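Every read-out reported here was derived from the displayed coordinates using simple, explicitly stated rules and does not represent laboratory data. All values reported here derive from a predicted model rather than from experimental measurement. Glycine gets a Cβ as well: all are built from the backbone with ideal geometry, and neighbour counts include every protein chain shown.
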Amino acid sequence: MAFRELIDDIDEAVFDTLGDSAQIEGRTEPVLGMFSAPWKQPAFGKVQTAIREPRFEIRLKDSDGLSRGLRVTVDVPAFDGGGDYDLLQLEPNGNGLVALILRKRP
């Protein structure tokens, strides 16, 4: 079994167990990913990161056909940053995941 196939199996298990759900404009089925809203993160010490935009990390295979401007509705409680976002940019990271960089819709 190739390395990428092993990683796909691991990602499948992790996303199915721990993933957040989002509805992406034009898709009939929700997409599983990992949502992060940096302004909502708990503060541990004084660690500063350069990450400011909300992001939704998805598997590369789920990113086909996505483009800037689509609506992404993240299904987590509003208190944790859930709601409607615009897709600003796609950032593949080279390990089979793509970060959807988001901006909160007014």
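Put the Cα centre of the stretch 1-17 next to the Cα centre of the stretch 80-98 and the gap is 19 Å.
In percent, how large is the relative contact order of the chain, given Cα pairs closer than 8 Å and 6 or more residues apart?
Working: 177 pairs, mean separation 25.5, N = 106.
RCO, the chain: 24 percent.
Peptides 23-36, 57-70 ordered by packing proxy, namely the average of other Cβ atoms within 10 Å per residue, highest first: 23-36, 57-70.
Within the set (i) -0.26, -1.02, -1.34; (ii) -0.26, -1.17, -1.44; (iii) -0.29, -1.16, -1.40, the number that log10 I(q)/I(0) by the Debye sum over Cα atoms at q = 0.10, 0.21, 0.24 Å⁻¹ takes when calculated for this structure is listed as (iii).
In order along the stretch 84-93, the Karplus-derived 3J(HN,Hα) couplings, from 6.51 cos²θ - 1.76 cosθ + 1.60 at θ = phi - 60°, round to 8, 9, 9, 7, 8, 6, 10, 10, x, 10 Hz, and Gly and Pro are given as x.
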